[in-house]
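A short worksheet on the structure shown next.
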Amino acid sequence: METLKLRKITSVWIIIVLTLFVVAIVLGILMRLNQGEIIQQSPITFYGNMTTHGLTMIGIWFVAGMAAVNYLLERYVKTSYAANLFALVLTVIGVLMLWCSTFIGEFHAGWTFLYPLPFKIMWAEWATPLFLSSLGVLGLGWLVWSISLMAQILKKYSISQAFAWQHFHKNPKVETPPFILITMITLIGVIACLIAAVILLILFFIEYFSTGSFVNDALLMKNLTYFFGHTIANEMLYLGLAVIYELFAEVSGRPKWHTTWYVALAWNLSLIFILTAFFHHLYMDFVQPEGLQIIGQIASYLASLPAAGVTVFSILVAVYRNKINWSLTNLLFFIGVAGWVIGGLGAVIDATISNNFILHNTLWVPAHFHTYNAMGNVLFSLAFFHWFSNQYYHHKERQNTLKLSILLIGGAGFLLAFYIGGAESIPRRYSTYPSDLPMGATLASIAALFASLYLIAILIFFFNISKKCLKILSSSPQSS
Amino acid sequence: MQQSILMLFLGLLAISTIVFTYVYQSSQKATDLDRGMANPLKSRFWFLLILFVILGIFASVTIPKSPYYFYADETPSRVVHVAAKQFAFVLSNNAIDPKNPVGENAIELLENELVEFRVTSFDVNHGFAIYNKAGQLIAQTQAMPGYVNKLRWKFSEPGAYSILCLEYCGMAHQIMRSSFTVK
Ligand code: HEM
Ligand SMILES: [Cu+2]
């Protein structure tokens, strides 16, 4: 079972994630205020904040999922504390380096740092190598952590068991718990995209140090960038789903979920779809081979089948006409799944090439990915944080409805402004909007207001959860 | 087009919200005697099958409408070369020299003639997005260094059109634009 050390490091992760989340939301609100012309920031400040916001958010929700999975994995296998700590230290160092490059060095190439933009220096000379190195540091920490978790799983389960292949036969002798299966599938995706990131960084650095004698291919770099960016953003959601499979039934007072042949099949298939769906980021690059474009659309469509037919359907079946012990934990899970579905619908619409032709790089893009992040994955992690900290310091849950309502109303208003903006052809990543697109600024101001409500709800969660995590940190072995 | 996409989305949003709310309420009313869904495996199968068919129809209707196939069997009567460079577009009737990128002062196109835009970039990635007078995005492709993206289009309405950069390219991305007219 879990050790005190694991409990403490998980608390540290939670406090770090929530603190950085508050900062990153504030940056987000500042961006919307600037786009709404309520405040005036220089474009450099705006795009610097945009870069910081994007990467910080991706980073924290990835590690939040990893920390939760690591904590729960201890129920099945022994995990490495050293790897967990290593990732923690490198994450802190990486984030500090990243913030130095953006806040002090004014690096502002966006979180996707699309080649060759980082080389067109519009900031301090040193900011580009520092930014790229910060990614290297983060990537190294996460790669070691992921590989370590996977190695621990493979010590107990054979490869075919970890993928739950024995469930394709009648009456399998051993059951692979759904949590192990999903964690395994997700870690493979994580490791694949982190390796792509390493290759990408190496290519960047070769060109950087070659001083002109080596030039990269822009199309290849774009493919690598989105293979990394798309995959990591998706896998962090899947980490959240693994947690749901493990905890939803438990906290609801329902029988534990089991792996069946269709659960095994669905998750094995998702691995393939997840790794090929990223092609939808390159639809507007007409020189990309046409076959890959079509694969992009079909894989994006197919990816929704196991997700909807197995995970979402299972949640609905678990709840439908069943008596459930509703608490903040499973309410957050349940609402989060709804948010994930809704964001997914926005994504499938945009993954249709003929729609992408008029939606690509409009606000429709942040609209859908903020839906399944801010109203999906964030809620999965908050649910875990709440459940985790409540195990040791249980307080009576008060005013759940109020907290959730503020979160939902704030989130919905903020997101709707993005969707309407997308339908109004408002470009994404514009520090201010041109005067011939007047809706842009209006929508941005409204969004800033709703996002502030969302922030208030998050602050309430932040205080409640961090308070308990701090107590866990100061607890001694005897008292536990 | 954008408006119908938004309506489709809002419709799906409403359906999902109703389903989740309904399921949640059914659990609140449930007693210990309730046994949940009658035959979940069968419903799951039907749900998946319906979803698969809907997505299949969607894919087969939309894929042929992808921009790669626009007027593929016609010969364009007009070619416009486009080179993007931080933070401006160069438009020309002739190929553009990277060493000396100059273009036409004004580009005029004819209503309903088939135009091919040959779009590239001389530095970073940019976007080449055409907006109509009403501020609606009607067509786009990317401008990528080292590659030429060909976009074919027929303008059915005369008037002034704007070109906006739709790929983040640095601190003046939001003011990088150009225009042309259709007569
Ligand atoms: C209420 C909370 C949030 C606010 C107010 C907010 C606001 C924003 C804004 C205004 C942008 C720029 C949009 C544009 O392109 O014009 C943005 C981009 C982005 N946001 Fe958020 N956001 C929030 C939550 C999140 C969350 C939870 C994530 C989690 C992954 C996230 C990830 C991103 C990413 C990856 C980008 C893209 C950055 C880039 O284009 O380089 N945001 N956000
Ligand atoms: Cu641009």
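The values are calculated or read from the model by the stated rules, or taken from the named source; none is laboratory data. Computed from a predicted model, the values in this text were never measured in an experiment. Counting neighbours? That spans all protein chains shown, and the Cβs are built from the backbone with ideal geometry, glycine included. All accessible areas refer to the heavy atoms of the entire protein, side chains included, with ligands and DNA or RNA removed. Shrake-Rupley method; radii C 1.70, N 1.55, O 1.52, S 1.80 Å.
The table that follows gives values for the structure above.
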| read-out | value |
| --- | --- |
| Single match in A:383, A:367, A:374 (criterion: under 14 Å from residue A:234 (Cα atoms), crowded, with 24+ Cβ neighbours inside 10 Å and either at the interface with chain B (Cβ under 8 Å from one of its Cβ atoms) or not polar (S, T, N, Q) (or both)) | A:374 |
| Scan of the stretch A:386-415 for residues that are within 14 Å of another protein chain (Cβ to nearest Cβ) and either within 16 Å of ligand 2 (Cβ to nearest atom) or at pLDDT below 95 (or both), ordered by number | A:400, A:401 |
| Selection status of residue A:417, within 14 Å of ligand 1 (Cβ to nearest atom) and within 27 Å of residue B:172 (Cβ to Cβ) | yes |
| Residue in the stretch B:15-26 that is over 28 Å from residue B:138 (Cα atoms) and touching a Lys or Arg at 6+ places or on another chain (Cβ under 7 Å) present | yes |
| Any hit, the stretch B:161-178, residues being open to solvent by 20 Å² or more (accessible area, probe 1.4 Å), away from ligand 2 (no atom under 16 Å from the Cβ) and within 10 Å of chain A (Cβ to nearest Cβ) | no |
| Helices (runs of 4 or more DSSP H) lying entirely in the stretch A:278-380 (those with 1 or more residues that are modelled with pLDDT of 95 or more) | A:290-306, A:328-350, A:353-359, A:364-372 |
| Flag if residue A:479 is modelled with pLDDT under 95, away from ligand 1 (no atom under 13 Å from the Cβ), open to solvent by 30 Å² or more (accessible area, probe 1.4 Å) and more than 22 Å from the chain's Cα centre (by Cα) | yes |
| Single unsatisfied condition, residue A:440 versus (1) under 25 Å from the mean Cα position of the chain (by Cα); (2) in a helix (DSSP H, G or I); (3) in contact (Cβ under 8 Å) with a residue 60 or more places away in the chain; (4) crowded, with 19+ Cβ neighbours inside 10 Å | (1) |
| Residue tally, condition hydrophobic (A, V, I, L, M, F, W, C) and more than 18 Å from residue A:232 (Cβ to Cβ), over the stretch A:133-184 | 13 |
| Considering residues of the stretch B:121-132 that are in a loop (DSSP other than H, G, I, E, B) and facing chain A (nearest Cβ under 7 Å) only, the residue surrounded by the most Cβ atoms within 10 Å (Cβ to Cβ) | B:124 |
| Conditions (1) free of Cβ contacts under 8 Å to residues at least 24 places away in the same chain; (2) within 16 Å of ligand 1 (Cβ to nearest atom); (3) assigned to a strand (DSSP E or B); number of the one not met by residue B:174 | (3) |
| Residue match in the stretch B:90-102 (condition: in the same structural domain as residue B:170 (by TED's automatic domain parsing), in contact with a Cys (Cβ under 8 Å, 6 or more places away or on another chain), more than 12 Å from residue B:151 (Cα to Cα) and within 16 Å of ligand 2 (Cβ to nearest atom)) | no |
| Subset tally (residues that are more than 16 Å from ligand 2 (Cβ to nearest atom) and closer than 20 Å to residue A:274 by Cα) for the stretch A:351-365 | 4 |
| When residues of the stretch A:267-282 are limited to those that are in contact with a Leu (Cβ under 8 Å, 6 or more places away or on another chain) and within 18 Å of residue A:344 (Cβ to Cβ), the one most open to solvent (accessible area, probe 1.4 Å) | A:269 |
| Residue under evaluation residue A:425, criteria (1) without any contact (Cβ under 8 Å) to a residue 60 or more places away in the chain; (2) more than 21 Å from residue A:111 (Cβ to Cβ); (3) within 13 Å of chain B (Cβ to nearest Cβ); (4) buried (at least 21 other Cβ atoms within 10 Å of the Cβ), criterion not met | (1) |
| Single residue of the stretch B:133-146 satisfying the filter (surrounded by fewer than 18 Cβ atoms within 10 Å (Cβ to Cβ) and facing chain A (nearest Cβ under 7 Å)) that is farthest from residue A:361 (Cα to Cα) | B:146 |
| Single residue of B:102, B:80, B:182 found to be more than 10 Å from every other protein chain (Cβ to nearest Cβ), among the aliphatic types (A, V, I, L, M) and surrounded by fewer than 17 Cβ atoms within 10 Å (Cβ to Cβ) | B:102 |
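To keep it simple, each residue is scored yes or no on (1) of a type in the set (S, T, N, Q); (2) out of contact with any His (no Cβ under 6 Å at 6 or more places or on another chain); (3) within 8 Å of another protein chain (Cβ to nearest Cβ); (4) open to solvent by less than 20 Å² (accessible area, probe 1.4 Å).
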{"residue": "A:309", "(1), (2), (3), (4)": "no, yes, yes, yes"}
{"residue": "A:324", "(1), (2), (3), (4)": "no, yes, yes, yes"}
{"residue": "A:328", "(1), (2), (3), (4)": "no, no, no, yes"}
{"residue": "A:344", "(1), (2), (3), (4)": "no, yes, no, no"}
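The rows are residues; the columns are (1) outside any helix (DSSP H, G or I); (2) in contact with a Leu (Cβ under 7 Å, 6 or more places away or on another chain).
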site: B:8; (1), (2): no, no
site: B:12; (1), (2): no, yes
site: B:22; (1), (2): no, no
site: B:25; (1), (2): no, no
site: B:32; (1), (2): yes, no
site: B:43; (1), (2): no, no
site: B:46; (1), (2): no, no
